[in-house]
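Undergrad: Okay, handing you the structure first.
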Amino acid sequence: MNVITVKNLTISYNKKPAIKGVNLNIASGSVIGIVGPNGAGKSTLLKGILGLLPFDTGEVKIFGKDIEDSRKRISYIPQREQFDWDFPICVEDVVMMGRYAHLPIVGFPKSGDRQIVEEVLKKIEMDKYSKRQIRQLSGGQQQRVFLARALAQESDVYFLDEPFVGVDAKTEKAIFSLMKELKESGKTILVIHHDLGKVLEYFDKLIMVNQTLIAFGDSKEVFTPELINRTYGGKLTILQKTEELIS
Amino acid sequence: MDIINQYILEPVQYEFIQRALIASITIGISCGLIGTYIMLRRMSLIGDALAHAVLPGVVVSFMVAGKSELALFIGAVVSGILTVLLIGFVNRNSRIKEDTSIGIIFTGAFALGILLVSQLKQVHIDLSSYLFGDVLGVSTGDITLSLIIMFIIIICIVVFYKQLLITSFDPTMALTIGISTTVVHYMLMTLLSMSIVAGLQSVGVILIIAMLITPPATAYLLSDSLKKILILSALIGVLSSVIGLYLSYHLNFASGASIVLVAVTIFLLVFLFSPKEGVVTKLIRRRESVRTVLLEDVIKLTYKFDGSIEGVSLADAIANELGISNSKVQGALKKLAERNLLESPGGKHLLTEQGNDYALKLIRTHRLWETYVTKEKVIDMEHIHPEAEKVEHVLTEDLVDELDEELGFPEKDPHGSDIPRKK
């Protein structure tokens, strides 16, 4: 069964389509990169799949169900800049949020949840810092904390928004080996990625997007000069030109 | 004892003071707790807006039901929520940004409230007590109401702790796991309207925002933990309103103003002197650290010259090396002697065993740090030395050990010098 099915997805901001007519069938057990230039709609696509934005047209299914019925099985790691790092919260409490998905509306974390948090922190080598306020961590450590939170959620699909931005070499390696490990246990990982440098090393498959879906397939097959040029190329497609004229 | 009796205990025998005390305590707790979330979610503007916007609701409740606490409660909460909905509606359906639409709606609602008051001469409302607060005039009914409100707020914060936390810290994640930020937002707005109702009598609409913001902000300067901030904020709220109440009673101050001024005074004291981040505390710490750096530099250089230069000329050599005056170095040498780190047999300055250990510790930190930054490619060779000069004074021993372990206990630094081992 497909993990994620996207049919004819169009999402607009202020009546201008950010992504248009995207179709995807994503199977389990792979690490998939979403690449494209700035403003190509990478984040929009990701947020659309996550059900955070209203669609103009189209349909998204996760494990064959509506997103609302699959929420426990997906986790999202936002970009680091998005957070208020002065927020009074420590590492442990951030990771515990991963368990919230499994708690009833009224209900507190149990010892089992605490144990999972502890294990995850150990796994990601952050157990020494569990009581530390998040401002007092390095950029790489901060990123690892949010990875730990996703792991604590024990989900089946992971969405990562630019996880490699501003992290040290150690964290980059940790994220990469974690993605591999998750994939090997049958999970699906979608990663928004900016830099084209290590695309082939990191990702099994690529979603190349620039408003429309330019290509989706095995990295080695689609990461070709021609498709990269079409994704990043300066020339506007006919579709975009038409839209410029209409809007 | 007499003073305590006269100024603090004696007033308590009056019933109106008892009522005022209970009202002060409950409002301190309610506002301190809700205000913490208002502060963290950067919503102080909307808090102020709501405080003003409950006025028409209060007046209408008077028109309909006379002086009834229940009607007052319902009127205030309804107009509070209506205001929030209207602000959102204007915001969503035009290009006007949120702060502007807040400004438009709340002043409008407030003006409407004043107009209603002035037109309803047959209903007696003491407008000034709503505007400026009159904690000494609270009735038993008011107290029952604010106690109920306090318990509702405490229960909601305990029961929905995780929803409030996650929507405040990471609303996107809240949405992805199916926690509605809208529902939590309106719950918080309802609780906020309720705490405003509770505070109307004692602080008044104009100043109640201070009770919602100042105690949490003070608590925030004192702690990094949300739970501690909630408790501290409630305590500071209680303290401010009780002290303010006494000032109001003894000196005949307007109660709202004196409560708020006490809260602001506590804030200023913490802002200046808090042990972690106080402005004055930091200043003192910086001066101390300048002194420590000088002493440590002198120790290191004394170690380096190792008795090869004698007496006064050692001070000269050190002063020359550090680019400071000879007298400063003399002073530092004297302090080192006082601390048994240095002895001067026959005019020759030599480090004691203790002083020697200290110097080695500094050198170890310095060289480990250089090794670390070179390995991690943080900065290039040319720049690491001056950087390490600063770092060696501030790294704690634990951190240095951690560094050592992470580097695999290296023997040489990038310049090829030996790294002293830990004793």
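Here, each number is a calculation from the coordinates, and none is a lab measurement. From a predicted model like this one, the values you see are computed outputs, not experimental measurements. Counting neighbours? That spans all protein chains shown, and the Cβs are built from the backbone with ideal geometry, glycine included.
Undergrad: For the protein assembly as shown, just say rounded, prolate or oblate: build the C-alpha gyration tensor, square-root its eigenvalues into a ≥ b ≥ c, call rounded for a/c under 1.5, and beyond that prolate if a/b exceeds b/c, oblate if not.
TA: Oblate shape, in that a/c is at least 1.5 and b/c is the bigger or equal ratio.
Undergrad: Next question, about the same structure. From the Cα gyration tensor of region A:1-98, with a ≥ b ≥ c the square roots of its eigenvalues, which class applies: rounded if a/c is under 1.5, or else prolate if a/b is larger than b/c, or else oblate?
TA: oblate
Undergrad: Give me the inter-chain shielding for B:166-174: mean count of other chain Cβ atoms within 10 Å, whole number please.
TA: 6
Undergrad: How would region B:1-89 be classified by its alpha-carbon gyration tensor: rounded, prolate or oblate, with rounded meaning a/c under 1.5 and the a/b versus b/c comparison settling the rest?
TA: Oblate, because a/c is 1.5 or more while a/b does not exceed b/c.
Undergrad: Sticking with this one: What nm value, rounded to one decimal, do you get for the distance between residue B:161 and residue A:13 when each label is placed 7 Å out toward the C-beta?
TA: 3.8 nm
Undergrad: Work out the FRET efficiency for residue B:265 and residue B:337 from their Cβ-Cβ distance, taking R0 = 35 Å, and round it to the nearest 0.05.
TA: The value I calculate is 0.20.
Undergrad: Sequence-distant or interchain residues sharing an amide H contact under 5 Å with residue A:19, placed H: which?
TA: For residue A:19, the qualifying residues are A:11.
Undergrad: Label points 7 Å out from Cα along the Cβ direction at residue B:128 and residue B:394: separation in nm?
TA: Label at residue B:128, label at residue B:394, 5.5 nm between them.
Undergrad: While we're looking at this one, here's another question. Let's see if you can work this out: charge +1 on each Lys and Arg Cβ, -1 on each Asp and Glu Cβ, no other charges. What is the dipole magnitude of chain B about its Cα centre, in debye to the nearest 20?
TA: 1120 debye
Undergrad: For residue A:57 and residue B:225, FRET efficiency with R0 = 56 Å and r from the beta-carbon atoms, rounded to 0.05? Write down the numbers at each step before the final one.
TA: Details: r = 47 Å, r/R0 = 0.83.
Computed FRET efficiency for residue B:225 and residue A:57 comes out at 0.75.
Undergrad: Grab the other residues whose beta carbon is less than 14 angstrom from that of residue A:112, score K and R as +1, D and E as -1, and report the net.
TA: In short, -1.
Undergrad: Obtain the nm distance between the two label points defined at residue B:273 and residue A:103 by a simple spin-label model: each point lies 7 Å from its Cα along the Cα-to-C-beta direction.
TA: 3.8 nm
Undergrad: What is the fewest-to-most order of A:71, A:132 by other Cβ atoms lying within 10 Å of their Cβ?
TA: Lowest to highest Cβ neighbour count: A:132, A:71.
Undergrad: Would you mind giving the mean number of other chain beta-carbons within 10 Å of the Cβ of each residue in A:82-88, as a whole number?
TA: 5
Undergrad: Out of A:95, A:109, A:152, whose Cα points farthest toward the positive end of the dipole of region A:71-215 (charges: +1 Lys, Arg; -1 Asp, Glu; placed on Cβ)?
TA: Working it through, the farthest residue towards the positive pole turns out to be A:109.
Undergrad: Go from 0 up to the bin containing the longest alpha carbon distance in chain B, width 10 Å each, and give me the % of pairs per bin.
TA: 4, 17, 20, 15, 11, 12, 12, 6, 2, 0
Undergrad: When the helices in chain B are scored as -39500 (n - 2.57) per DSSP H run of 4 or longer and the sum is shared across all residues, what 222 nm value do you end up with, to the nearest 500 deg cm²/dmol?
TA: -25000 deg cm²/dmol
Undergrad: Sorting A:165, B:58 on the 10 Å Cβ count, fewest up front, what's the list?
TA: A:165, B:58
Undergrad: Normalised by the residues of chain B, what does the relative contact order come to in percent, with Cα pairs under 8 Å and at least six apart?
TA: 17 percent
Undergrad: Expressed in nm to one decimal, what extension gain is obtained for the pair residue B:289 and residue B:95 from 0.36 nm per residue of sequence separation less their Cα-Cα distance?
TA: Full extension of this stretch gives 64.6 nm more.
Undergrad: Ok, one more. Just A:205, A:122, A:20 to compare: in a GNM of chain A, with alpha carbon springs under 10 Å, which one fluctuates most?
TA: A:122
Undergrad: Where does the charge balance sit around residue A:67 when Lys and Arg score +1, Asp and Glu -1, over other residues with C-beta under 15 Å from its C-beta?
TA: +2
Undergrad: Here is a further query. Can you name the helices of chain B, as whole DSSP H runs, whose Cα span along the helix axis is 30 Å or more and whose Kyte-Doolittle mean is not below 1.0? Provide the component values of the computation, followed by the final result.
TA: Numbers: long enough: B:15-40 (38 Å, 1.41); B:44-65 (31 Å, 1.73); B:69-92 (34 Å, 1.85); B:98-119 (31 Å, 1.28); B:226-251 (36 Å, 1.58); B:279-305 (39 Å, 0.13); B:353-375 (33 Å, -0.94).
Passing helices, by number: B:15-40, B:44-65, B:69-92, B:98-119, B:226-251.
Undergrad: Is there a quick way to get the dipole size of chain A? I mean about its Cα centre, with the Cβ of Lys and Arg at +1 and of Asp and Glu at -1; what is the value in debye to the nearest 20? Could the numbers behind the result be given before it?
TA: Values: 34 positive and 31 negative charges, 16 e Å.
The dipole of chain A has a size of about 80 debye.
Undergrad: Restricting to the protein assembly as shown, what percent of DSSP beta bridges are antiparallel, rounded to 5?
TA: Working: 23 of 41 bridges.
Antiparallel bridges: around 55 percent, rounded to the nearest 5.
Undergrad: While we're here: Structure shown: which of A:131/A:170; A:47/B:97; A:42/A:123; B:276/B:361; A:131/B:162 lie over 20 Å apart, alpha-carbon to alpha-carbon?
TA: Exceeds cut-off: A:131/A:170; A:47/B:97; A:42/A:123; B:276/B:361.
Undergrad: Then there's this: With only Lys, Arg, Asp and Glu charged, each at its Cβ (+1 for the first two, -1 for the last two), find how big the charge dipole of the protein assembly as shown is about the Cα centre; round to the nearest 20 debye. Don't skip to the answer; put the middle values down first.
TA: Details: 68 positive and 72 negative charges, 285 e Å.
The calculated dipole for the protein assembly as shown is roughly 1360 debye.
Undergrad: Towards the positive end of the charge dipole of chain B, with charges on Cβ (+1 Lys, Arg; -1 Asp, Glu), say which of B:141, B:166, B:269 has the farthest Cα.
TA: B:141
Undergrad: Going 7 Å from the Cα of residue A:27 in the Cα-to-Cβ direction, what parts of region A:187-225 have a backbone nitrogen less than 18 Å from that spot?
TA: A:187-190, A:203-207, A:216-222
Undergrad: Can you put B:180, A:75 in order of Cβ neighbours within 10 angstrom, beginning with the fewest?
TA: The most exposed by this proxy come first: B:180, A:75.
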